[in-house]
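Just below is one structure, and these are the notes that go with it.
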Amino acid sequence: LPVRCTNDDFVKGVDALAAGGQRFDQILFETHGSPGAIGFGEDGAITAQWMRDNLKTRHWETLCPPEARVYFNGCNVAEGEEGWDFLAAAGEVFLRSEGGVVFGQTSLGF
């Protein structure tokens, strides 16, 4: 993906990986975060509800073999109830067919 991307760039990039039959044991998303959300530039937050509304039908689970690990490295993304809901939604998107682990930061990451 481009160094500076939008949510649309993110979706198109991951769509291309899924369409190309790519599989990953580990996936790292490194971007800005806040409790229960990640963001790309000024495009608005990707939240649990946004993922459920926009990503669950994209077949991104094909990217992840059994026991895949998906890590969100953005400040506080996994913090509190909003963070747990975000991680659950990410699991619904990436791990719904074969399982694995979704995790993220609960601090500012300093």
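The values are calculated or read from the model by the stated rules, or taken from the named source; none is laboratory data. Only a predicted model underlies this, so the values are computations on that prediction, with no experimental measurement involved. Every residue, glycine among them, receives a Cβ derived from its backbone with ideal geometry; neighbour counts consider all protein chains shown. Protein only, heavy atoms only, side chains kept; ligands, DNA and RNA dropped before computing areas. Shrake-Rupley method; radii C 1.70, N 1.55, O 1.52, S 1.80 Å.
How much length is gained on full extension from residue 28 to residue 15, taking 0.36 nm per residue of separation minus their Cα-Cα distance?
3.1 nm
Note down the nm distance, to one decimal, between modelled labels 7 Å out along Cα→Cβ at residue 108 and at residue 8.
It is 3.4 nm.
Charges at C-beta only: +1 for Lys and Arg, -1 for Asp and Glu. How large is the resulting dipole of the chain about its Cα centre, in Debye rounded to 20? Display every interim value, and only then the final one.
On the way: 8 positive and 16 negative charges, 55 e Å.
Once rounded to the nearest 20, the dipole reads 260 debye.
Give the accessible surface of the chain per residue, rounded to a whole number of Å², with probe radius 1.4 Å and ligands, DNA and RNA excluded.
Solvent-accessible surface per residue comes out at 57 Å².
For residue 27, list long-range residues whose amide hydrogen, built 1.01 Å from N in the peptide plane, is under 5 Å from its own amide hydrogen.
69, 70, 71
With the full set of protein chains in place, find how many percent of the accessible area of the chain is carbon and sulfur; take the probe as 1.4 Å.
Answer for the chain: carbon and sulfur cover 51 percent of the accessible area.
Only Cα pairs under 8 Å and at least 6 apart count here; give the relative contact order of the chain as a rounded whole percent.
30
List the residues whose amide H sits under 5 Å from the amide H of residue 34, counting only those 5 or more places along or on another chain, with H placed 1.01 Å from N in the peptide plane.
Under 5 Å from the amide H of residue 34 lie the amide H atoms of 77, each far enough along the sequence or on another chain.
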